[in-house]
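Q: Have a look at this one.
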Amino acid sequence: MTAKNNENQTRSAEMDAAVQLVRQAREQGLALTGPGGLLKQFTKTVLETALDEEMNEHLGRVKHEKTLDGRAKNARNGTTSKTVTTDAVGPVEITVPRDRDASFEPVIVRKRQRRLNDVDEVVLSLYAKGLTTGEISVHFQEIYGASVSKETISRITDRVVEEMNEWSSRPLDQVYAAIFIDAIVVKVRDGQVANRAFYAAIGVGLDGNRDVLGIWGSPASEGAKYWLSVLTDLKNRGVADVFFLVCDGLKGLPDAVETVWPLAIVQTCVIHLMRNTFRYASKKDWDALKRDVKPIYTAATPTAAETARDQMLDHWSKKYPAIRSLWLNAWERFIPFLDYDVEIRKVICSTNAIESLNARFRRSIRARGHFPNEQAALKCLYLTVRSLDPTGRGQVRWMTRWKPALNAFAITFADRWPDGDNQ
């Protein structure tokens, strides 16, 4: 118990020292980033601490610790000065420990390595994966033995705001085969904590490339005016035409699409419509309801689908009257995909393309409870997007799945396909 208390006291003292260091740096006008800044000092401390820990593991004992028999085949042999370059803080001079038989192969800064991934990238990666600033602070203490305050970590993550703004205004493709729009609900303090919807749009280019086009925080009430501003933003960034826009019956969105991209087809997410249907029904009727609904979305033509719809409604609307109004209100935006090839149907009948992104968003925001403002929430969501698919293998799998549909798109929309892109 005493050892635990001592450990807690040591950690508390280290954290207090880090907070004091940040406070003194601000009072003295010391920048947190850049040459001579606090982040540069922190980078040096983390790297040297990590190298020392690697040497301890390599030798099997900590510095100054003797072996049981007093002899060892290998031991520390001083240090070597080395300068490594980072993008954020510039050159950093560090001391690298040596061993007597030169068998030590450091990992965090490899031999002959002069440029390394920024330590603040580790902070941003951990933040994007859902760790809070406090958890990241503890992580650095436990892994590297280096103290850094939550305030400093917040400042490190704040440096992505400018990058996020550039990302949000970058040029986009001229034509997209489909754009998927869906929402994630986030708690934001605006006077008081309240739920706010944040919308993300994923565009699929004519080469099958998938890209998150942007993230927008919605106002208290949405409508055609709000959606017109979102779509106009995309158009101003270069999107001249979209074949399909897939969404979940968002109020005012179809009217805005007609204004911005008159030829675009708005498709209601079939999966969301199914879920809403079952929400109105008792669970004991779900299996029977599934059998009656399936002929609607697998119908060969819109006319056949309408016949199957009427049969389903005749069977269930007396018991569940809300299902009738649900289907009749959604019908005009439900049927467009039925006019197209089965390969096109598969990829544009739902917003599943964006569901995996929403899952990553939820993981990132779950630990935080709520955000102090909209920008803090946008920063977290952007960092999540920034960390997606680091190997690129997900993009390759996606393009492979979309290849059959793109061939069908090229034939169906040949008159709107940009010159030179039609295969």
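The values are calculated or read from the model by the stated rules, or taken from the named source; none is laboratory data. Quick caveat, the model's predicted, so the values are computed rather than measured. Heads up, the Cβs are rebuilt from the backbone with ideal geometry, glycines too, and the neighbour counts pull from every protein chain shown. Side chains are part of the model used for accessible areas, which takes the heavy atoms of the whole protein and leaves out ligands, DNA and RNA. Shrake-Rupley method; radii C 1.70, N 1.55, O 1.52, S 1.80 Å.
Q: Report the full-extension gain for the segment TYR280 to ILE411: residue separation times 0.36 nm, less the Cα-Cα distance, to one decimal in nm.
A: 43.2 nm
Q: Taking the alpha carbon gyration tensor of segment 350-423, what are the square roots of 5 times its eigenvalues, largest first, to the nearest whole Å?
A: 35, 14, 12
Q: Mind checking segment 318-349 for chymotrypsin sites (Phe, Trp or Tyr not before Pro) that DSSP puts in a loop (not H, G, I, E or B) and that have at most 12 other Cβ atoms within 10 Å?
A: Here no loop site has a sparse enough neighbourhood.
Q: While we're on this one: How high is the FRET efficiency between ASP341 and HIS64 when r is their beta carbon distance and R₀ equals 60 Å, given to the nearest 0.05?
A: 0.25
Q: Moving on. Please find the FRET efficiency linking ARG393 to GLU163, where r is the Cβ-Cβ separation and R0 is fixed at 30 Å, and quote it to the nearest 0.05.
A: Computed FRET efficiency for ARG393 and GLU163: 0.80.
Q: Taking the alpha-carbon distance from LYS73 and a cut-off under 24 Å, which lysines remain once sequence neighbours fewer than 8 residues away in the same chain are dropped?
A: LYS63, LYS111
Q: If you don't mind, another one. So for the pair ASN329, SER218, with labels modelled 7 Å out along Cα→Cβ, what separation do we get in nm?
A: 1.4 nm
Q: Compute the Cα gyration tensor for segment 293-402, then decide on rounded, prolate or oblate, letting a ≥ b ≥ c be the square roots of its eigenvalues: rounded whenever a/c is under 1.5, prolate when a/b is larger than b/c in the other cases, and oblate in all that remain.
A: It is oblate, given that a/c is not under 1.5 and a/b is not larger than b/c.
Q: Just to verify a number: FRET efficiency for GLN41 and GLN113, C-beta to C-beta distance, R0 = 22 Å, to 0.05?
A: 0.60
Q: Can I ask one more? If you look for lysine pairs in segment 163-284 that are eight or more places apart or on different chains, how many of them have Cα atoms under 22 Å apart?
A: 4
Q: At 0.36 nm per residue, minus the direct Cα-Cα distance, what do HIS370 and ASN77 gain on full extension? Give it in nm, one decimal, please.
A: Stretched out fully, the HIS370 to ASN77 stretch lengthens by 100.4 nm.
Q: Leaving ligands, DNA and RNA out of it, report the carbon-plus-sulfur percent of the accessible area of segment 333-423 at a 1.4 Å probe.
A: Here carbon and sulfur together make up 50 percent of the probe-accessible area.
Q: Another one. Give me a comma-separated list of calculated 3J(HN,Hα) values for segment 188-202, in order, Karplus coefficients 6.51, -1.76, 1.60 applied at θ = phi - 60°, integers in Hz, x for any Gly or Pro.
A: Calculated HN-Hα couplings, in order: 10, 8, 10, x, 9, 5, 8, 6, 10, 8, 10, 9, 10, 10, 10 Hz.
Q: Still on this structure: In nanometres, what is the gap between the two model label sites at SER229 and THR49, each 7 Å from Cα along Cα-to-Cβ?
A: Label-label distance for SER229 and THR49, simple model: 4.4 nm.
Q: Please get the size of the charge dipole for segment 219-323, origin at its Cα centre, with Cβ charges of +1 on Lys and Arg and -1 on Asp and Glu, quoted in debye to the nearest 20.
A: 460 debye
Q: Let me ask something additional. When ligands, DNA and RNA are left out and all protein chains stay put, how many square angstrom of accessible area per residue does segment 286-349 have with a 1.4 Å probe?
A: 56 Å²
Q: Would you grab the residues whose amide H sits under 5 Å from the one on LYS187? Only those 5+ places off in sequence or on another chain, please, with H modelled 1.01 Å from N.
A: Under 5 Å from the amide H of LYS187 lie the amide H atoms of ARG196, PHE371, each far enough along the sequence or on another chain.
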